[in-house]
Amino acid sequence: MSFRFGQHLIKPSVVFLKTELSFALVNRKPVVPGHVLVCPLRPVERFRDLRPDEVADLFQATQRVGMVVEKHFQGTSLTFSMQDGPEAGQTVKHVHVHVLPRKAGDFHRNDSIYDELQRHDKAEEDTPALWRSEEEMAAEAATLRAYFQ
Ligand code: AMW
């Protein structure tokens, strides 16, 4: 069974957490090591479209995912980000929370991560040549999945 992520069909091999109403996948073009995404299983476009039980499940899953990627990628903090609508930079029309492990000095200007998030998946920056291989993504997902078993 594959997972729907907006216009994308996501293979189970790159998904590392599935809860009752949410799932988490590794990123094909991470802005920092351990940059992953947490999504509702139901493919809705905007945060306002989620039911309360979906919001609760999504944020509980996001909390668990944050703890795991911070630990695994030796972060000391986390950036959580949601681009909710096209003017906010959303490219995939399916609610998703970006979870990014942070560490001292990872960006010269700390908030540059938001510029990077805005830029990393826009047309000219997001060609297939810049995506990680399926093998690399599946290996990362397998490693992260083990934390939840
Ligand atoms: W958005 O600009 O919609 O807030 O973020 C979309 C995110 O999804 C980006 O980080 C992008 O790299 C990632 N992404 C898009 N398609 C896929 C895919 N098929 N597999 C993994 N990550 C993806």
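Brief remarks on what is shown
- Distance between the pseudo-spin-label points of His72 and Tyr114 (7 Å out from Cα toward the beta carbon): 2.8 nm.
- Note on Glu135/Gln60: beta-carbon distance plugged into 1/(1 + (r/R0)^6) with R0 of 22 Å gives a FRET efficiency of 0.10.
- Using C-alpha pairs under 8 Å with a sequence gap of at least 6, the mean separation divided by the residue count of the chain gives a relative contact order of 29 percent.
- The alpha carbon gyration tensor of segment 14-126 gives principal lengths a ≥ b ≥ c with a/c of 1.5 or higher and a/b no greater than b/c, which makes the shape oblate.
- Remark: relative contact order (segment 49-108) = 35 percent; criterion is Cα-Cα distance under 8 angstrom and separation of 6 or more residues.
- Calculated Rg and Dmax of segment 62-103 using C-alpha coordinates, Å: 11.8, 33
- Rounded percent of accessible protein surface that carbon and sulfur make up, segment 1-100, 1.4 Å probe: 54 percent
- Nonlocal amide H pairs with Ser22, under 5 Å, H built at 1.01 Å: Leu41
- Phi angles across segment 36-41 convert, under the Karplus curve 6.51 cos²θ - 1.76 cosθ + 1.60 with θ = phi - 60°, into 3J(HN,Hα) values of 10, 10, 10, 9, x, 5 Hz, Gly and Pro given as x.
- Less than 5 angstrom separates the built amide H of Arg102 from those of Thr76, Ser77, Leu78, Thr79, all sequence-distant by 5 or more or on a different chain.
- Accessible area expressed per residue, the chain, with surrounding protein chains retained (probe 1.4 Å, Å²): 54 Å²
- Under the combined filter of DSSP loop state and at most 11 neighbouring Cβ atoms within 10 Å, segment 54-112 retains these trypsin sites (Lys or Arg not before Pro): Arg109.
The values are calculated or read from the model by the stated rules, or taken from the named source; none is laboratory data. This structure is a prediction, so every number in the text was calculated from the model and none was measured. Positions of Cβ are backbone-derived with ideal geometry, glycine not excepted, and every protein chain shown enters the neighbour counts. Heads up: the accessible areas ignore ligands, DNA and RNA and are worked out on the full protein's heavy atoms, side chains in. Shrake-Rupley method; radii C 1.70, N 1.55, O 1.52, S 1.80 Å.
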